[in-house]
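Each value in this text was obtained by applying a stated rule to the coordinates, not by laboratory testing. Computed from a prediction, not measured in an experiment: that's the story for all the values here. All Cβ positions, even for glycine, are placed from backbone atoms using ideal geometry, and neighbour counts span all protein chains on display.
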Amino acid sequence: MINLETPRKFEFLVSQAHQVATEIFRANSRKYDRDEHTYPKELDMLAAVIDGMNEGGALRGAGAVGVGEGNGPEPGRDRDGNRNGSNIANLLGLTELSWGDVGLLLTMPRQGLGQAAIAAVADDEQLERFGGKWAAMAITEPEAGSDSAAIRTTATLEGDEYVLNGEKIFVTAGDRAELIVVWATLDREQGRAAIKSFVVERDNPGLILERLEHKLGIRASDTADFRLENCRIPKDNLLGSPEIELGRGFAGVMQTFDNTRPLVAGMAVGVARACLERTRELLSEAGVEIDYDLPPHAQVAAASEFIAMESDWEAARLLTMQAAWMADNKKPNSLQASMAKAKAGRTATDIALRCVALCGSIGYGERELLEKWARDVKILDLFEGTQQIQLLIVARHLLGKTSAELK
Ligand SMILES: Cc1cc2nc3c(=O)[nH]c(=O)nc-3n(C[C@H](O)[C@H](O)[C@H](O)COP(=O)(O)OP(=O)(O)OC[C@H]3O[C@@H](n4cnc5c(N)ncnc54)[C@H](O)[C@@H]3O)c2cc1C
């Protein structure tokens, strides 16, 4: 059973996040949409707030605690045996902040999806060294997007160091983060099992920034392309075990996605809520009121469409909460993480565009944020695994097929 009320211990976190979302994110939304590649300096003051949340155990970077990993103090269970820990806390906080502005969220100091990789596979010493730092995640390469098993970046052990060579593209917060978690292979011949994650300091001279992308949406967030040229890192920066365990396939690094996908789904839920709330206000100003006591056929068409969108949004939200709750309760959640990401990414994109349509020219114009949200939201159905890839993963789980059997 999932307790669907916000756990009381997280109420303060949610209200703090809402305040930040309103006063800092919304207030600067349009400015950094126009000023792509300019660092939003207003976010610096947030670092202190985030440190406070971290100390309270409420927000442990975007990654939270890994499924089945004992890497952190165990939050208490409630009387029904449920544990609401850092995955739910993160989800609630990130959803609220995404309601404010998802581009700004993605460039918030001390955050970054790289922390998810660290939380998923790091040992205690590494958690101590890297925890709480702003960490980006670099998986994608020119020849390896959805198929991350095709990664070509290599890591070669030389004495006490790994030497990394390759290319990484579309790294969110890549320019601004303190650390980049780079996926590379120890041995291309040995396939998935040889792919490991390595922590590279952003100022490593072997990590060369090639360019910053210009994008459809989330323009406040920097997206960087890198070349790794004889990039030397201490051998202790390999996260998890250096052994190539052929039987385990991708297991180590893939746990990252069990953590990050519910969070990206939560971001989609947050943006969609922003769209719904503003659309409802605009409909009300236009004289369209929603009456939940009337059946859909008795509503005006706009109200009926609005109610349908709201119920779709609720389904996405519940799946997302379930996936994060399972992670907190140490239940394997790969299937639910993909279901949540697929449902929330698709639903939020759909809602954002339908809200623009319902509001007509007002929805499409720059005086409202609706047009911006419709651009921002699409990425949430794309990165951390596209819609199609999530559905493929769900199908594999339900049919009991391996990745080799169902491509
Ligand atoms: C703004 C932005 C930020 C990003 N941030 C990061 C980041 O921080 N770190 C990082 O590593 N990557 C990041 N990415 C990369 C992102 O994760 C990839 O773009 C994504 O995984 C898709 O890979 P691709 O672009 O190579 O598309 P492809 O893999 O070439 O896919 C193209 C199309 O084919 C479909 N497709 C592919 N394989 C299959 C299949 N087997 N069955 C059905 N359909 C399939 C896909 O769903 C997609 O529609 C970012 C991308 C963007 C745009």
Name every cysteine in the chain that ends up alone, with no second cysteine's Cβ under 4.7 Å, or say none.
CYS231, CYS359
Which of VAL181, VAL200, VAL163 ends up with the largest GNM mean-square fluctuation for the chain, with Cα atoms connected below 10 Å?
VAL163
By what distance, in whole Å, do the Cα atoms of the stretch 347-405 stretch along each of the three principal axes, largest value first?
49, 18, 10
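Nearest 500 deg cm²/dmol is fine: what mean residue ellipticity at 222 nm does the chain get from its DSSP H runs of n ≥ 4 alone, each adding -39,500 (n - 2.57), divided by its residue count?
Values: 12 runs with 176 residues, N = 407.
Calculated mean residue ellipticity at 222 nm is -14000 deg cm²/dmol.
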So what's the angle, to the nearest 10 degrees on a 0 to 90 scale, between helix 11-20 and the longest Cα principal axis of the chain?
80
Whole-number D in µm²/s for the stretch 265-407 (Stokes-Einstein; Kirkwood sum over Cα pairs; 10 °C, 1.306 mPa s)
98
Between the stretch 139-204 and the stretch 97-129, how many Å separate their Cα centres?
18
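Between beta-carbons, use under 13 Å as the cut-off and find the net charge around ARG346, counting Lys and Arg +1, Asp and Glu -1.
On the way: positive: LYS341, LYS343, ARG354, LYS378; negative: ASP312, ASP350, ASP381.
Overall, the nearby charge balance is +1.
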Assuming a ≥ b ≥ c are the square roots of the Cα gyration tensor eigenvalues, decide whether the stretch 72-189 counts as rounded (a/c under 1.5), prolate (otherwise, with a/b larger than b/c) or oblate.
prolate
How large is the dipole of the chain about the Cα centre if only Lys and Arg carry +1 and Asp and Glu carry -1, each at its Cβ, rounded to the nearest 20 debye?
540
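Count charges around LEU186 for me, please; just the other residues with Cβ under 13 Å from its Cβ, Lys/Arg as +1, Asp/Glu as -1. Display every interim value, and only then the final one.
On the way: positive: ARG152, ARG188, ARG192, LYS196, LYS235; negative: GLU158, ASP187, GLU189, GLU243, GLU245.
Its environment carries a net charge of 0.
For the stretch 76-206, what is the relative contact order in percent, using Cα pairs closer than 8 Å and at least 6 residues apart in sequence? Could the numbers behind the result be given before it?
Numbers: 194 pairs, mean separation 26.0, N = 131.
Across the stretch 76-206, relative contact order equals 20 percent.
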Name the lysines eligible as straight-distance cross-link partners of LYS235: C-alpha to C-alpha under 23 Å, and not fewer than 8 places from it in the same chain.
LYS133, LYS168, LYS196
I need two numbers for the stretch 209-331: Rg to one decimal and Dmax as a whole number, Cα atoms only, in Å.
22.6, 67
Build a GNM of the chain with springs between Cα atoms under 10 Å: which of ASP236, ASP222, ASP381 gets the top mean-square fluctuation?
ASP236
Between GLY131, GLY85, GLY112, find the one with the highest GNM mean-square fluctuation for the chain; connect C-alpha pairs within less than 10 Å.
GLY131
Among the GluC sites (Glu not before Pro) within the stretch 166-267, which fall in a DSSP loop and have no more than 13 other Cβ atoms within 10 Å of their own Cβ?
GLU243, GLU245
Solution diffusion estimate, µm²/s, Stokes-Einstein, the chain, Kirkwood Rh from C-alpha pairs, 20 °C, viscosity 1.002 mPa s
99
What lysines could a cross-link reach from LYS372, if we take a straight Cα to Cα line under 25 Å and drop same-chain neighbours fewer than 8 places away?
LYS31, LYS41, LYS215, LYS341, LYS343
